[in-house]
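Take a look at the structure set out below.
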Amino acid sequence: MAKKGKNGSVDLTLQVLRQIRDGVKATREEVSRRIDETNTRLDATNQRLDTANQCLDETNRRLVESETRPASAILGMKGALDEVRDFLKGQSDLRPRVERLERHVGIAPSSST
């Protein structure tokens with residue numbers, strides 16, 4: 001048991017120490033409660049981020065698909081245009097022969113384009 005000093009200083013010291021202990025205990029409980037609340041909010045935020053990442057992945061997949069289709073179409077068009085170019089080039093090679101035949105037969109030469 002504590003000894004009493006002048007003016008009950010031991011009792012006062014014990015009272016102060018008990019108040020400090022109770023304050024530390026209350027602070028620890030409050031900090032623990034706040035940590036739990038923060039963890040709950042963090043878990044909810046992580047769930048929202050996971051959902052957003054899934055949406056972003058889907059958007060990226062669709063974007064790649066939407067870019068691939070036009071690229072394939074453009075490549076197909078290039079092939080067709082190459083064929084048309086080759087065809088027209090062949091026609092222009094025939095132009096002098098056609099004009100010569102038209103003159104020989106007596107037909108007015110067709111206008112060249």
What would the Debye equation give as log₁₀ I(q)/I(0) for the chain at q = 0.11, 0.17, 0.18, 0.20 Å⁻¹, counting only Cα atoms as equal point scatterers?
-0.77, -0.99, -1.02, -1.08
Based solely on its DSSP helices, what 222 nm [θ] is calculated for the chain when runs of n ≥ 4 H residues each add -39,500 (n - 2.57) and the sum is averaged over all residues, nearest 500 deg cm²/dmol?
-33000 deg cm²/dmol
Furthest towards positive pole of dipole, Ile107, Val16, Phe87, structure part the chain, Cβ charges
Val16
Please give the charge dipole size of the stretch 11-77, origin at the Cα centre, charges +1 on K and R Cβ atoms and -1 on D and E Cβ atoms. Round to the nearest 20 debye.
140 debye
How high is the FRET efficiency between Thr51 and Gln91 when r is their beta carbon distance and R₀ equals 41 Å, given to the nearest 0.05?
0.10
Ranked list, fewest to most other Cβ atoms within 10 Å of each Cβ, for Asp57, Asp11
Asp57, Asp11
About its Cα centre, how strong a charge dipole does the chain have in debye, to the nearest 20, once Lys and Arg get +1 and Asp and Glu get -1 at the Cβ?
820 debye
Hull surface over four for the Cα convex hull of the stretch 23-81, reported in nm², is 4.7 nm²
Where trypsin sites (Lys or Arg not before Pro) in DSSP loops with at most 16 other Cβ within 10 Å are excluded, longest remaining stretch of the chain:
5-113
Added length on full extension, which subtracts the Cα-Cα distance from 0.36 nm per residue, Thr40 to Asp82:
8.8 nm
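Quick note: the coordinates plus some simple rules give every number you see, no bench work behind them. Fair warning: this is a prediction, and the values are worked out from it, not measured in the lab. No Cβ is skipped: glycine too gets one built from the backbone with ideal geometry, and neighbour counts run over all protein chains shown.
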